[in-house]
Amino acid sequence: MTCSAVVPAAGRGQRLGGREKPLLPLAGRPALAWVLEALSASGVIAEIIVVASEANREAVESLCTALGLSLPVQVVIGGAERALSVRAGVEHVPDDRRYVLIHDAARPLVTPELVRRAIAAALRHGAAVAAIPVTDTIKQVASDGRVVTTPERSTLVAAQTPQVFRLDWLREAYRRAGAQWVTATDEAMLLERAGFPVFVFPGDPENLKLTTPIDVTIAELILERRMR
Ligand code: CTP
Ligand code: MG
């Protein structure tokens, strides 16, 4: 197996009222547990590197131990921004891995099938991002609220994780970005800026990100339905 997974889980959940999303119980188990089990069950991941914060490190370590997954799980410490946390995780990926999969702990509805689809797309393209069509009309607006432009909706998609990259491309993208790497809101953006071809593959509309309380309600309903 040639792909490591990096799972950023060091956020503070501010838009959720400061609740730690990785440890948030959803349908009976923490969000991070759903993620780690899906990665493990995919059968295409060699090891998992979970990026925790100083504050949740102990809880994250206990959870990883309690799950008793059959693949190695390592917990490392992240930074104040998602970009810093992901980079800290990527630095722990063994040099002989060909690919790295990045998946947010805040997306607990990921399935083993979606993980396998992500790897298959990366094997084909070198850099692959889960994405779904946008259903709203998106407007670019100025700071005073005036609409600047309305991009043609059929050309827009919403990016999710998993995102999978050739490890050598991602490392080169960090090098080429210089000090700018920290401003990227996802790692695909770094590769795009560095000139690597990045392709989307079909994500899953159910693979939502826990951001605000409504996402928690919906995620729980979906997980309960899946368990029936
Ligand atoms: N993340 C991280 N390190 C950070 C910030 C975010 O590892 N310094 C992780 C989060 O734990 C989450 C993912 O990146 O799994 C996506 O981030 P987001 O949804 O923004 O989560 P939070 O930063 O925790 O939430 P908020 O922005 O509302 O504080
Ligand atoms: Mg955040």
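Averaging Cα coordinates gives a centre for region 5-24 and one for region 191-228; these two points are 15 Å apart.
Where a ≥ b ≥ c are the square roots of the eigenvalues of the C-alpha gyration tensor, would you call region 1-141 rounded, which needs a/c under 1.5, or, failing that, prolate if a/b is larger than b/c, or oblate? Display every interim value, and only then the final one.
Numbers: a/c = 1.39, a/b = 1.02, b/c = 1.36.
Rounded, since a/c falls under 1.5.
Amide hydrogen proximity for T161: with H placed 1.01 Å from N in the peptide plane, the residues at 5 or more positions away or on another chain lying under 5 Å are D104.
Look at Y174, Y99 and count the other Cβ atoms within 10 Å of each Cβ; fewest to most, that gives Y174, Y99. Applying 1/(1 + (r/R0)^6) with r as the Cβ-Cβ distance of A59 and V182 and R0 = 22 angstrom yields a FRET efficiency of 0.25. If the chain linking A41 and R12 were pulled fully straight, counting 0.36 nm for each residue of separation and taking away their Cα-Cα distance, it would gain 7.7 nm. Extent of region 71-228 along its three principal axes (Cα atoms, max minus min coordinate, largest first): 46, 45, 33 Å.
Counting other C-beta atoms within 10 Å, which of D144, D104, D186 has the fewest, and how do the rest follow?
Working: D144 5, D104 27, D186 19.
Sorted ascending by nearby Cβ count, the order is D144, D186, D104.
Kindly put I138, I49, I132 in sequence by how many other C-beta atoms sit within 10 Å of each C-beta, fewest to most.
Values: I138 12, I49 24, I132 17.
With the sparsest Cβ surroundings first, the list reads I138, I132, I49.
Evaluated at q = 0.15, 0.26 Å⁻¹, the base-10 log of the normalised Debye intensity for region 187-228, with identical point scatterers placed on the Cα atoms, takes the values -0.58, -0.87.
Ignoring solvent entirely, what values of log10 I(q)/I(0) come out of the Debye formula for region 100-174 at 0.12, 0.27 Å⁻¹ when each Cα is a single scatterer? Values returned for q = 0.12, 0.27 Å⁻¹ are -0.48, -1.15. Charges were assigned to the Cβ only: +1 to each Lys and Arg, -1 to each Asp and Glu. The resulting dipole of the chain about its Cα centre is roughly 320 debye.
Stretching L71 away from S154 to a fully extended chain increases their span by 25.8 nm, per 0.36 nm per residue minus the current alpha-carbon distance. Global size of region 74-133: 12.8, 35 Å for Rg and Dmax (C-alpha atoms, Rg to one decimal, Dmax whole).
Summarising the overall dimensions of region 139-228 from its C-alpha atoms, the Rg and Dmax are 17.3, 49 angstrom.
Taken together, the values in this text are just the output of simple stated rules run on the coordinates, not laboratory data. What you see is a predicted model, and the numbers here were worked out from it, not measured in a lab. We place every Cβ from the backbone using ideal geometry, glycine too, and count neighbours over all the protein chains shown.
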